[in-house]
Amino acid sequence: MTTRSQPLSEDRLDKAMHLFWKKGYYDTSIEDLMARTGLHRAAIYGEFGSKKKLFEALLTRYRAKVTAGRLAPLKTREAAFAELKQFFHQFRDVQAMPAGRLGCLMCLTAAEVSPHDASIARIVSSYLGELRVLFRRASVNSRRRGEVRAGIEVDQVADYLTGAVLGLMALARAPAPRAAVIHYVDGVIGFLNGLQPKGEGR
């Protein structure tokens, strides 16, 4: 159990989450977490048992606090073409990109940790699966409404857009100019526009 004087408050959990987000799982030590959150080692281990279990809990927290907001345009069952574009447009706004060019903790973890740890891979796969389902549903709705061509393969579109999110978040984290991030987003939106029936406005 944690000490009474050092509860795992919302603020301390957020500080720990942002430290993992900034440095990655492997480069974040227990000592780093202690310095950032002000918690003793016994408090961290007493509550979670290990750095890995803490990280898993923080991935779930990140999904609820950060990715849920980003996915909001796609969450309604009637989300379609406009919501697909809205989702990617949010990353075109420079002000919407995470401070310090952190990209996405889930996407960072997909590349850094998932290949080496099955339980963390399941958490990341669940997020990517949700993303794909939302993209696919919006693509199906778009096709049903005639907003995209009748012959488009919705599974192919969903997989492409899921991969685009991974690529976009990697680029956002890389030491590339912000213009490159904007150009990437514009490329994805151009792909979406290309799915519209011939003659439709862009």
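With a Förster radius of 22 Å applied to the C-beta separation of Q156 and I182, the computed FRET efficiency comes to 0.30. Distance check, please: which entries in K23/K52; K23/K75; K23/K85 exceed 19 angstrom between their Cα atoms? Beyond 19 Å: K23/K75; K23/K85. Taking the Cα centre of segment 86-202 as reference, the dipole from Cβ charges on Lys and Arg (+1) and Asp and Glu (-1) amounts to some 320 debye. Principal-axis analysis of the Cα atoms of the chain puts helix 154-173 at an angle of about 50° to the longest axis.
Order these peptides, 44-55, 79-90, 132-143, by their mean beta-carbon neighbour count within 10 angstrom, highest first. Provide the component values of the computation, followed by the final result.
Working: 44-55: 16.7, 79-90: 18.7, 132-143: 20.8.
Taking the mean over residues of other Cβ atoms within 10 Å, the ranking is 132-143, 79-90, 44-55.
If you wrap the tightest convex hull around every Cα atom of segment 10-193 and split its volume per residue, you get 115 Å³.
Rounded to the nearest 20 debye, the dipole magnitude of the chain is 260 debye, with +1 charges on Lys and Arg beta carbons, -1 on Asp and Glu beta carbons, and the Cα centre as origin.
Entry note, the chain: the mean residue ellipticity at 222 nm calculated from DSSP H runs of n ≥ 4, each adding -39500 (n - 2.57), is -20500 deg cm²/dmol after division by the residues and rounding to the nearest 500. Calculated FRET efficiency, M34 to K75, Cβ-Cβ distance, R0 = 45 Å: about 0.75 to the nearest 0.05.
Every number in this text was worked out from the coordinates using simple rules, so none of it is lab data. On a predicted model such as this, the values are computed, not experimentally measured, just so you know. Cβ coordinates were reconstructed from backbone atoms using ideal geometry, including for glycine residues, and neighbour counts include every protein chain displayed.
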